[in-house]
Structures are given as C-alpha cells and as structure tokens.
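Heads up: the structure comes next, in structure tokens.
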Amino acid sequence: MATLIQGRPYEVSSSLLSRSSVDTWTIETRQPDRTEATSIPTQAECAAQPYDLVMGTLVNAATVDDAAGIAHVNVASWRQAYAHLLSPGFLARISEQDIANGFRRALELGRTVWVARVDDQIVGFAVAREPREENPPRDLELGLIYVLPGNHGSGLAQPLLDAAIGTAPCMLWVASDNPRAHAFYRRNGFSFDGATKIEDQWENMQTSRMIR
Ligand SMILES: CC(C)(COP(=O)(O)OP(=O)(O)OC[C@H]1O[C@@H](n2cnc3c(N)ncnc32)[C@H](O)[C@@H]1OP(=O)(O)O)[C@@H](O)C(=O)NCCC(=O)NCCS
C-alpha cells in the first residue's frame with residue numbers, strides 16, 4: 001500500500017483536458033476560480049515542490065516538457081488495456097505525436113496533469129476535471145488515470161489518484177470490461193451507479209459510470 005510521506009493540499013483540479021476523438025484533443029477554457037480557492041496551488045508551485053514521494057516514485061504536476069512522456073504512457077496503456085476491446089488497426093492508428101500535442105497545449109494553458117516518475121521517466125499520470133455531461137452525479141470527474149503496464153501493481157496508481165481527486169466525492173467512466181481498473185476503483189470507494197454508454201469514437205466500446 002502506498003504511503004504518503006510529504007503532504008500538500010490536494011488540488012481538486014478543474015483540469016479540463018477532453019478528448020473529442022482519438023487523435024484530436026480539445027481544451028475547454030474554464031479555469032478554477034483562484035479567488036475562491038486560494039489554497040489550490042498553481043501548476044508552477046506544484047512542479048517546484050513535489051508533494052509526494054512514494055517508494056522512490058515522485059508524483060508531482062507535469063510541466064510542458066512532460067507532454068511526450070505522458071503521451072507515451074497514455075498510448076502504451078491504451079494498447080495494452082484495450083487490446084481485447086479494440087481492433088489492432090484502430091490501436092495502431094493512434095498517434096502518440098497527436099496525443100502529445102494535445103497534452104502540450106493543455107499544459108501550456110495551465111491545466112494540471114499529475115505524473116509519477118521513476119528515475120526521471122514518466123510511468124503514470126492522472127487528470128481530474130469538471131464533468132462534461134449534463135446533470136452529472138458529482139461535480140468532479142477522474143478523467144484519466146494510466147500507469148505503464150510494467151508498473152501495474154507497484155502501488156503508484158494510488159498516489160496518482162490521491163493527487164488528482166483526494167478523498168472528494170467523484171465520478172468516472174471506465175470500460176465495462178476492465179476488471180483490474182474496476183477493482184482499483186472499488187478499493188477507492190467507487191461503485192457502479194448503473195449508467196452506461198457506447199463510445200462511438202472507440203469502436204462502440206461500452207463504458208460504465210462509477211461514483212463515490
Ligand atoms: C487502472 C490502473 C491505473 C490501476 O493501477 P494498478 O497499479 O494496476 O492498481 P493496483 O495494482 O493498485 O490495484 C489493482 C487491483 O486490481 C486487482 N486485479 C488485478 N488483476 C485483476 C483482474 N484481472 N481482475 C480483477 N481484479 C484484478 C488487484 O488485486 C488489485 O485489487 P486489490 O488491491 O483489491 O487486491 C492500471 O491498472 C492501469 O493503468 N490500467 C490500464 C489503463 C486503465 O484501465 N485506466 C483506467 C481507465 S478508466
């Protein structure tokens with residue numbers, strides 16, 4: 001189990017990185033209201049003062065220079081986690097460069113992406129955001145959490161989730177056939193609320209909503 005060694009206020013992030021298609025990432029424009037949430041650190045503050053060191057893994061906020069490393073984790077994770085759900089051709093067509101460009105734009109706009117590093121290499125990341133759907137059951141969504149397949153079970157997914165959403169009430173969408181992720185989310189207090197949807201941009205993959 002991961003141990004938090006150095007504490008910082010969790011950022012209940014309004015990082016608004018959204019995917020409108022596999023190779024096109026759009027950035028929504030609303031920023032956290034910093035006059036109302038003065039305890040929320042800026043991205044620069046987070047990057048300058050890593051708040052969490054877990055078993056040799058540093059978790060902190062990414063900088064623009066991290067975009068390529070984040071995209072590498074993202075694409076490698078998709079190809080492994082969804083190999084039983086998506087066609088080889090679809091997975092092969094995903095462009096790591098396009099994904100990196102999307103993350104770079106998001107980071108340039110000051111969005112927060114939490115990254116876990118081992119020996120200066122990014123091995124996982126997480127993003128929280130405001131839900132994009134109408135009438136969401138929670139005001140906060142865990143939008144992305146990915147760990148390189150070789151680092152699954154290492155314990156570093158936990159501080160990533162903690163950094164992104166803390167213990168806040170939250171929602172997320174997950175592939176309906178992704179038992180490992182389901183177990184990880186259940187351990188973090190999430191349960192299915194019955195909502196499902198078909199992701200037409202993802203070869204009609206079914207996803208299910210979890211809340212806590
Ligand atoms: C989801 C993810 C971030 C979790 O990180 P992780 O390091 O694998 O998480 P942990 O090892 O701490 O926890 C995994 C849990 O799944 C369980 N598990 C492992 N394999 C399993 C399987 N095939 N079926 C069911 N449960 C499984 C583990 O026992 C553990 O549960 P426990 O702590 O109750 O014993 C990581 O697996 C990942 O990046 N997956 C690919 C991308 C992905 O699916 N992201 C989520 C998108 S919504």
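Observations on the structure shown:
- Flag for PHE190 being within 11 Å of the ligand (Cβ to nearest atom) and open to solvent by less than 20 Å² (accessible area, probe 1.4 Å): yes
- Filter pass, PHE184 being of a type outside the set (S, T, N, Q) and surrounded by 18 or more Cβ atoms within 10 Å (Cβ to Cβ): yes
Matching residues to (1) modelled with pLDDT of 95 or more; (2) in contact with a Lys or Arg (Cβ under 6 Å, 6 or more places away or on another chain); (3) hydroxyl-bearing (Ser, Thr, Tyr):
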| position | (1), (2), (3) |
| --- | --- |
| ALA47 | no, no, no |
| TYR51 | no, yes, yes |
| GLN97 | yes, no, no |
| ARG105 | yes, no, no |
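- In region 80-114, the residue that is nearest to LEU161 (Cα to Cα) out of those that are of a type in the set (Gly, Ala, Ser) and within 14 Å of the ligand (Cβ to nearest atom) is ALA81.
- Residue within region 115-127 that is touching a residue at least 12 places away in the same chain (Cβ under 8 Å), within 15 Å of the ligand (Cβ to nearest atom) and in contact with a Cys (Cβ under 9 Å, 6 or more places away or on another chain) present: no
- Residue check for TYR146: of a type in the set (Ser, Thr, Tyr), surrounded by fewer than 22 Cβ atoms within 10 Å (Cβ to Cβ) and within 26 Å of ARG187 (Cβ to Cβ): no
- Taking the numbered list (1) over 15 Å from the mean Cα position of the chain (by Cα); (2) closer than 22 Å to ILE165 by Cα in turn, GLN121 passes all entries but (2).
- With respect to (1) among the aliphatic types (A, V, I, L, M); (2) in contact with a helix residue (DSSP H, G or I) (Cβ under 7 Å, 6 or more places away or on another chain); (3) more than 9 Å from the ligand (Cβ to nearest atom); (4) open to solvent by 30 Å² or more (accessible area, probe 1.4 Å), the lone exception for ILE198 is condition (2).
- Neighbours by Cβ (under 7 Å, 6+ apart or cross-chain): first from region 156-167, without any contact (Cβ under 8 Å) to a residue 60 or more places away in the chain; second open to solvent by 10 Å² or more (accessible area, probe 1.4 Å): ALA157/ILE145; ALA157/VAL147; ALA157/PHE184; LEU161/ILE145; LEU161/ASN188
- Restricting region 169-179 to residues that are within 7 Å of the ligand (Cβ to nearest atom) and assigned to a strand (DSSP E or B), the residue that is surrounded by the most Cβ atoms within 10 Å (Cβ to Cβ): LEU172
- Some residue of region 143-161 being modelled with pLDDT of 95 or more and away from the ligand (no atom under 13 Å from the Cβ): no
- Verdict on ASP162 being over 22 Å from GLN80 (Cβ atoms), charged (D, E, K, R) and within 12 Å of the chain's Cα centre (by Cα): yes
The values are calculated or read from the model by the stated rules, or taken from the named source; none is laboratory data. Note that this is a predicted model, so its numbers are computed, not measured. Positions of Cβ are backbone-derived with ideal geometry, glycine not excepted, and every protein chain shown enters the neighbour counts. Accessible surface areas use protein heavy atoms only, side chains included; no ligands, DNA or RNA. Shrake-Rupley method; radii C 1.70, N 1.55, O 1.52, S 1.80 Å.
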